């Protein structure tokens with residue numbers, strides 16, 4: 001009796017002082033999740049910080065109306081290092097395009113700057129866009145201006161029709177000189193019923209910038225010129241181009257032959273095309289190349305395109321051993337009627353483990 005009385009008195013004192021344990025909740029009336037949890041000091045120390053914002057990535061592929069495509073290139077600058085030059089080039093392109101929607105960027109990076117910064121800066125500069133442009137980044141040996149570290153080409157979609165008959169893609173035409181490569185582009189255009197005045201953009205790849213003119217004679221627009229690798233390579237020069245089609249066409253795409261069996265130009269009058277960013281390939285063996293093509297095919301399908309209806313393909317190779325594998329497997333993915341294409345060797349890619357990269361322009365399905 002004494003023990004029970006003492007216990008009752010003790011509980012009464014604790015209740016009065018607010019020290020008694022709270023009444024136990026009935027599981028049926030209070031959800032378990034509502035019961036308070038007091039983490040220990042050790043739990044607080046081990047709690048990870050809240051996750052930061054997710055990094056934004058370029059779109060793998062974009063779709064656009066062929067008749068509204070606009071092509072531009074940034075002027076070279078020697079001001080600042082890579083990051084500043086990339087920002088300046090992007091802001092310059094945005095200003096030049098005005099209300100046009102920039103869909104695709106191709107950046108040629110020279111020097112020792114980290115190429116991965118290009119994607120980060122694209123995400124920063126296009127922060128107000130719901131989707132980032134598709135992106136290709138290639139390391140080259142040099143640019144034709146001392147201390148210039150980047151040249152960027154852009155493809156945008158205009159609000160109105162600017163190419164009512166479509167656009168033509170000329171694959172890289174190799175020659176012993178820059179003027180010789182330009183002359184070959186002119187011949188290809190004329191074979192398709194176009195002229196140099198139809199040019200919308202021209203890119204020339206050279207083995208060495210020494211004794212190369214800053215602008216080839218007879219080209220009415222500025223030309224992007226890059227040295228492919230730091231050491232001399234072959235071909236000595238190769239120029240590719242995009243031109244406005246001058247006469248209406250009945251076919252969705254027409255190929256103009258170059259060397260036997262290899263189209264030199266794709267004349268595209270289809271209503272819509274799909275353009276991809278670069279797909280990196282890791283390794284030189286057949287399974288490695290096939291895996292890259294599979295990823296590329298999925299990217300195009302997600303944008304309602306068809307890899308087997310590719311009209312223009314670029315292959316940026318940093319390992320000579322992979323070139324033959326790409327050539328061997330192309331028809332399996334792009335179809336037996338191969339598109340116009342450029343395959344050249346470059347200094348590097350954003351990943352040091354990559355052996356090659358590729359991007360393509362394909363027709364949208366249903367055309």
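Computed from the coordinates by the stated procedures, all read-outs in this text should not be read as laboratory data. Owing to the predicted nature of the structure, the values given are computational and were not obtained by experimental measurement. Don't worry about glycine lacking a Cβ; one is built from the backbone with ideal geometry, like all the others, and counts go over all protein chains shown.
So how do 159, 186 line up by other beta-carbon neighbours within 10 Å, fewest first?
Details: 159 10, 186 20.
With the fewest neighbours first, 159, 186 line up as 159, 186.
Expressed as a rounded percentage, what relative contact order does region 167-268 have, with Cα pairs under 8 Å and six or more residues apart?
41 percent
By count of other Cβ within 10 Å, fewest leading, how are 198, 160 ordered? Don't skip to the answer; put the middle values down first.
Numbers: 198 19, 160 7.
Ranked by crowding around the Cβ, least crowded first: 160, 198.
Return the tail of the calculated pair distribution for region 117-243, meaning the percent of Cα-Cα pairs more than 22 Å apart.
Values: 3563 of 8001 pairs.
Value for region 117-243 (Cα pairs over 22 Å): 45 percent.
Of 352, 225, how do they rank once you tally other Cβ atoms within 10 Å and put the fewest first?
Numbers: 352 8, 225 26.
Lowest count first: 352, 225.
Specify the inter-centroid distance of region 282-358 and region 225-251, based on alpha-carbon positions, in whole Å.
Region 282-358 and region 225-251 have Cα centres separated by 18 Å.
Measuring from label point to label point, each 7 Å out along Cα→Cβ, what is the residue 351 to residue 91 span in nm?
Rounded to a tenth, the inter-label distance reads 3.3 nm.
Largest first and in whole Å, what are the equivalent-ellipsoid semi-axes of region 272-356 based on the Cα gyration tensor, each being the root of 5 times an eigenvalue?
Semi-axes (√(5λ), whole Å): 20, 14, 12.
Using only Cα atoms, figure out Rg for region 211-276 and give it as a multiple of 2.2 N^0.38 Å. It would help to have the intermediate numbers written out before the result.
Details: Rg = 15.7 Å, N = 66, 2.2 N^0.38 = 10.8 Å.
Output field value: 1.45.
Using the reciprocal of the averaged 1/r over all distinct C-alpha pairs, how large is the Kirkwood radius of region 55-161 in Å? Write out the running numbers ahead of the final one.
Numbers: mean 1/r = 0.0714 Å⁻¹.
After inverting the pairwise mean of 1/r, the radius is 14.0 Å.
I want the antiparallel fraction of DSSP beta bridges within region 55-161, as a percent rounded to 5. Walk me through the intermediate numbers first.
Values: 13 of 19 bridges.
Approximately 70 percent, going by the DSSP bridge assignments.
Once you keep just the Cα pairs under 8 angstrom separated by 6 or more residues, what percentage relative contact order results for region 55-161?
On the way: 194 pairs, mean separation 51.2, N = 107.
Once divided by the residue count of region 55-161, the mean separation gives 48 percent.
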